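What follows draws every value from the coordinates through simple rules; no lab data is involved. Since the model is a prediction, treat every value here as computed from it, not as a measurement. Neighbour counts are summed over all protein chains in view; Cβ atoms, including those assigned to glycine, are modelled from backbone coordinates with ideal geometry.
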Amino acid sequence: MKENIVTYDKTLSLEDIKIAPFDVGKRYTKPHKHNKYLEIVYFSKGKGFHHIDFECYAIKPPIFFLIKKEEVHHWEIDNIPKGYVIIIKEEFLNKTLDKQINKQLLRLALVKKINMVQKDPTIDAMFEILTVEMQQNRTSVNVVEGVLKALLSKIVGYSNDWDFNPNIGGIKQFMELVVDKPRNNVAFYAKALNATPQNLNHWCKKEYAKSASQIIAIEVTKEAKRLLLYTDRTVSKIAFDLEFKDVSHFVKYFKRHTGMTPLQFKNKN
């Protein structure tokens, strides 16, 4: 009997992510929002300004900008820029079973920009590989996922902005903890972070426009799917492992977030 997940299929949906060179036709744009989870913009060349909500940031390459879907932004670029854009839909974060990619994206969603001291040729090379691969008639999901993970690791490594907000340490730890140990228990995470559930909710709503319970639900539902598909654990055992008070509560919770009962999901997939 399989109690633990040994391997899993690559489930990256290429419809939920776009990777392409920066469109030089968008040097000047009007203030607007995106309906995507996160947009990552990298400039290796360019000069001007990027406005995000009420802040104005100078474009001084090499630099990354990270725009969340609830933020209003616009470009004011004075010359022909060079760079790349990664557009990630929320469905991508919900579908991918790779915890490392989830963790990287959740961490990057906490910052607005990342300055680099000097150009890193490996970053440009990985962007080039990804854009070429995305244009192939038969795009390799494994190649895209592997190079994307390496690129995101590079970007996270260059970020030194975790302390720009006094709460950033706590929310960062929460996001890592909830990905590593999904549990249907807000109090568990609050206690682990030496915070109150109210403070944890405040941090989450400020940084993600979601409550702690909503963020936990995303990760708990994904973990439940993993366990249903890739282990032989019973529904009751999964409910117990994820700290639901009883099986019926878990079944209702899962159906509310997926539209199916756990067994319906397992049989369908």
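Assign one of three labels to the range 166-221, namely rounded, prolate or oblate, based on the Cα gyration tensor with a ≥ b ≥ c the square roots of its eigenvalues; rounded applies when a/c is under 1.5, prolate when it is not and a/b is larger than b/c, and oblate otherwise. Rounded, because the longest to shortest axis ratio a/c is under 1.5.
By its C-alpha gyration tensor, with a ≥ b ≥ c as the square roots of the eigenvalues, how is the range 165-268 shaped: rounded for a/c under 1.5, else prolate for a/b larger than b/c, else oblate? Could you put the intermediate results ahead of the total?
Numbers: a/c = 2.34, a/b = 2.16, b/c = 1.08.
Prolate shape, in that a/c is at least 1.5 and a/b is the bigger ratio.
Entry for the chain at q = 0.07, 0.08 Å⁻¹: log10 I(q)/I(0) = -0.28, -0.37, Debye formula applied to identical alpha-carbon scatterers, no solvent contribution.
Quotient of the Cα radius of gyration of the range 77-199 and 2.2 N^0.38 Å, N being its number of residues: 1.25. Taking 131, 29, 96 as the candidate residues, the one with maximal mean-square fluctuation in a Gaussian network model of the chain, Cα springs under 10 Å, is 29.
Compactness of the range 14-161 is given as radius of gyration and Dmax, 14.5, 42 Å, from Cα positions. Among the GluC sites (Glu not before Pro) found in the range 14-88, those both in a DSSP coil and sparsely packed, with 12 or fewer other Cβ atoms within 10 Å of their Cβ, are 70.
What number, rounded to the nearest 500 deg cm²/dmol, is the helix-based mean residue ellipticity at 222 nm of the chain, given -39500 (n - 2.57) per DSSP H run of at least four residues and division by all its residues?
On the way: 11 runs with 125 residues, N = 269.
After summing the helix terms and dividing by the residues of the chain, the value is -14000 deg cm²/dmol.
Screening the chain for whole DSSP H helices with an alpha carbon extent of at least 24 angstrom along the helix axis and a mean Kyte-Doolittle hydropathy of at least -0.5 yields 141-158, 212-230. Once the Cα-Cα distance is subtracted from the 0.36 nm per residue extended length, the residue 90 to residue 117 segment shows a gain of 6.6 nm.
With 10 angstrom as the radius, rank 127, 265 by how many other C-beta atoms surround their C-beta, starting from the fewest.
Working: 127 21, 265 18.
So the ranking, lowest neighbour count to highest, is 265, 127.
Here are some pairs, 30/89; 47/210; 45/95; which of them have Cα atoms lying more than 29 Å apart in this structure? In this structure, 47/210; 45/95 exceed 29 Å between Cα atoms.
A run of the chain free of exposed loop cleavage sites, with trypsin sites (Lys or Arg not before Pro) counted only in DSSP states other than H, G, I, E and B and at most 13 other beta carbons within 10 Å, reaches its longest extent at 139-244. Amide H contacts of residue 49: 59, 76, 77, 78, each under 5 Å away and 5 or more positions distant or on a separate chain (H built 1.01 Å from N in the peptide plane; Pro and chain starts excluded).
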